[in-house]
Amino acid sequence: MDIYGWVQLAIFLGLLLLATRPMGLYLFRVLDPEGKTFLDPVLKPVERIFYRLMGVDPAVEHDWKRYAVSLLAFSLVGTLFTYAILRLQHLLPLNPQHLGPLSGDLAFNTSISFITNTNWQNYGGESTMSYLSQMAALALHNFTSAASGIAVAAVLVRGIAWHTAKTVGNFLVDLVRTTLYLLLPLSLVYAVFLVSQGTIQNFRPYVTAQTVEPAAAPQTIVQGPMASQVAIKMLGTNGGGYTNANAAHPYENPTPLSNFVQIFSIFLIPGGLTFYLGRMVKNRKHGWSIWGAMAALFLAGVLLCWWAEAAGNPRLHALGVASASGNMEGKEVRFGIFDSALFATVTTDASCGAVNTMHDSMTPLGGLVPLVNLHLGEVVFGGVGAGLYGMLVFVILTVFLAGLMVGRTPEYLGKKIESYDVKVSALAVLLLILDIMGFTAWAVVSKWGLAGLNNAGPHGFSEILYAFSSATANNGSAFAGLSGDTPWYDTTLAVSMMIGRFFFIMPVLALAGNMAKKKILPESGGSFPVAGPVFAILLVGTILIVGLLSFFPALAVGPIVEHYLMIRSNAVF
């Protein structure tokens, strides 16, 4: 754990802190249908054209049920559209490698994966997807699924901020404005930066090159429209790689600077959403308290992961093998220990799933950190939108529990927390726990589940647990030791993704609708303070109790027991 890592960590947090306020202010304008941005002269006419094409009146708002129906209908159409392209890509243009269609179960899994902002990859991008599929079937949903998550977060914030309201907004208006004014402009600038670093952006056929050894087979070098898709995969916390190696590929992530910017971009919008919350509820200290709770959880994770990977494998030490650089297995030498640990922590804090290192090759405690991040619900800044609305569910539970402990009527920002609010919040959390543990239990006792393992024992169990945790959390990263492209895994993982996305969003929208109807009462001596260190500590405690205690038995027989087995293995040398 050297000084270079500490300096980079300080710069990362400092820049994130500096970017939070301006990003939050811009989000405040974008998520207000009447809000004005500096891009209005160019994009306002385009926005109106989209509304005309969709038959949408931007002045009409909907209640939470109508909002939910619009979101589900849009997602269904997007799934069918993507499935059709993947099944028919061999008949469609922009396929210079003449790649064939995806199988039915893989196309189903991939379609669900990208519509839910998961981007789980049971396929190798460069060897499976045509250029058209990469752009129209995958990158398109990187925009729309990210915009959908931000829209749901905006709805819940409106429900908290508004009073005696019967509506919560218009889904298609939120979708269009978020895509046009936020994701597209940022992605354009971002893509240009990536090209300047060496990321490719073309429509050329793949290049065949002869290696320096004449007897060796020729090497195929991937080409294609990569920079434009890497930009939105990171900004939208999507994570699906253009190539199978994802952000470890030198074309996707060419330099240390591109690596740092990619990590930073994952937290950029989620960080700004905390300021947006504070601005909307007219309590900026509350927004910063949530930011602080997220930052504390992030720091705890990255420091543990960095320490574990820097310490290396004690078994190698016992064999007399020098490992001054720590555990470098599965890592890019050009990034090293710290950048690999930082990337792994950030990508699983958020629902991104992009990786620049092989999580399967991490030490047991190093691999424990990404797994725990998934179990916390990815609320440590989290995915774009998903992180904030997931955190607000925990805020509701925290205020309720704190009120019970001190004998006060639970009250959040002037609104009483009633049984309905607690029930839908608890339902959202419990559904994810049941999903992860249920599918993991099924897989470990089934032939189809064990058939995909490359490792036995606790590490093999961790691979299965990680797969369903990642799918349910809509993350998309994997331990990578699991062969998931089978009909059973394609189907069960797809179902997990749908539960993790839509079975969580529905209670969140119901909570938003109920909160919006309430009156805002003046603050009194019985009101629970939701700003400051005490609130942040209680919030972190609630998240850890729900996340760690619910999954601790599974973690104990996976990475924790593997850690002790690794230490005990030294006794024989």
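A few points about this structure:
- Residues that are without any contact (Cβ under 8 Å) to a residue 40 or more places away in the chain and more than 19 Å from Met498 (Cβ to Cβ) within the stretch 73-89 comprise Arg87, Leu88, listed in sequence order.
- Selected residue (criterion: modelled with the lowest pLDDT) from residues of the stretch 558-573 that are out of contact with any Gly (no Cβ under 8 Å at 6 or more places or on another chain) and surrounded by 15 or more Cβ atoms within 10 Å (Cβ to Cβ): Met566
- Single unsatisfied condition, Val445 versus (1) in contact with a helix residue (DSSP H, G or I) (Cβ under 9 Å, 6 or more places away or on another chain); (2) modelled with pLDDT of 85 or more; (3) surrounded by fewer than 23 Cβ atoms within 10 Å (Cβ to Cβ): (1)
- Checking each residue in the stretch 314-339 for being touching a helix residue (DSSP H, G or I) at 6+ places or on another chain (Cβ under 9 Å), modelled with pLDDT of 80 or more and more than 19 Å from Thr237 (Cβ to Cβ) picks out Asn327, Met328, Glu329, Gly330, Lys331, Glu332, Arg334, Phe335, Gly336, Ile337, Phe338.
- Scan of the stretch 246-257 for residues that are in a helix (DSSP H, G or I) and surrounded by fewer than 21 Cβ atoms within 10 Å (Cβ to Cβ), ordered by number: Pro256, Leu257
- Residues that are in contact with a His (Cβ under 9 Å, 6 or more places away or on another chain), among the aliphatic types (A, V, I, L, M), surrounded by fewer than 17 Cβ atoms within 10 Å (Cβ to Cβ) and farther than 23 Å from Tyr190 by Cα do occur in the stretch 88-99.
- All positions within the stretch 427-467 that are among the β-branched types (Val, Ile, Thr), farther than 20 Å from Thr542 by Cα and touching a Ser or Thr at 6+ places or on another chain (Cβ under 9 Å): Thr440, Ile464
- Note on the stretch 30-45: among residues that are among the acidic types (Asp, Glu) and surrounded by 13 or more Cβ atoms within 10 Å (Cβ to Cβ), the one that is farthest from Leu184 (Cα to Cα) is Asp32.
- Hits in the stretch 212-236 - residues which are outside any loop (DSSP other than H, G, I, E, B) and under 26 Å from the mean Cα position of the chain (by Cα): Pro225, Ala227, Ser228, Gln229, Val230, Ala231, Ile232, Lys233, Met234, Leu235
- Pick from the stretch 356-375, criterion modelled with pLDDT of 90 or more and out of contact with any Asp or Glu (no Cβ under 8 Å at 6 or more places or on another chain), ranking: farthest from Pro270 (Cα to Cα): Leu365
- Annotation note: Cβ proximity below 8 Å between a residue of the stretch 166-177 that is of a type in the set (Asp, Glu) and a residue that is part of a helix (DSSP H, G or I) (sequence gap 6+ or interchain) occurs for Asp174/Ala147; Asp174/Ile150; Asp174/Ala151; Asp174/Ala154; Asp174/Val155.
- Qualifying residue in the stretch 506-521 (condition: farther than 13 Å from Val152 by Cβ, under 23 Å from the mean Cα position of the chain (by Cα) and assigned to a loop (DSSP other than H, G, I, E, B)): no
- Taking the stretch 1-112 as the region of interest, none of the helices (runs of 4 or more DSSP H) fully inside it holds 3 or more residues being touching a Lys or Arg at 6+ places or on another chain (Cβ under 7 Å) and β-branched (Val, Ile, Thr).
- Boolean, Ala554 is over 23 Å from Met358 (Cβ atoms) and assigned to a helix (DSSP H, G or I): no
- Only one of Phe468, Phe439, Phe394 that is assigned to a helix (DSSP H, G or I) and farther than 30 Å from Ser265 by Cβ: Phe439
- Any chance Leu188 is surrounded by fewer than 16 Cβ atoms within 10 Å (Cβ to Cβ), hydrophobic (A, V, I, L, M, F, W, C) and assigned to a helix (DSSP H, G or I): yes
- Residue within the stretch 325-335 that is crowded, with 16+ Cβ neighbours inside 10 Å, in a helix (DSSP H, G or I) and of a type in the set (S, T, N, Q) present: no
- So Asp360, is it surrounded by fewer than 24 Cβ atoms within 10 Å (Cβ to Cβ) and under 26 Å from Asn142 (Cα atoms): yes
- Thr243 of a type outside the set (Asp, Glu), on the phi > 0 side of the Ramachandran plot, within 19 Å of the chain's Cα centre (by Cα) and not in a helix (DSSP H, G or I): no
- Test: residue in the stretch 61-70 that is on the phi < 0 side of the Ramachandran plot, of a type in the set (Val, Ile, Thr) and without any contact (Cβ under 8 Å) to a residue 40 or more places away in the chain: yes
The values are calculated or read from the model by the stated rules, or taken from the named source; none is laboratory data. Since this is a predicted model, take the numbers as computed values, not measurements. Neighbour counts run over all protein chains shown; Cβ positions are idealised from the backbone, glycine included.
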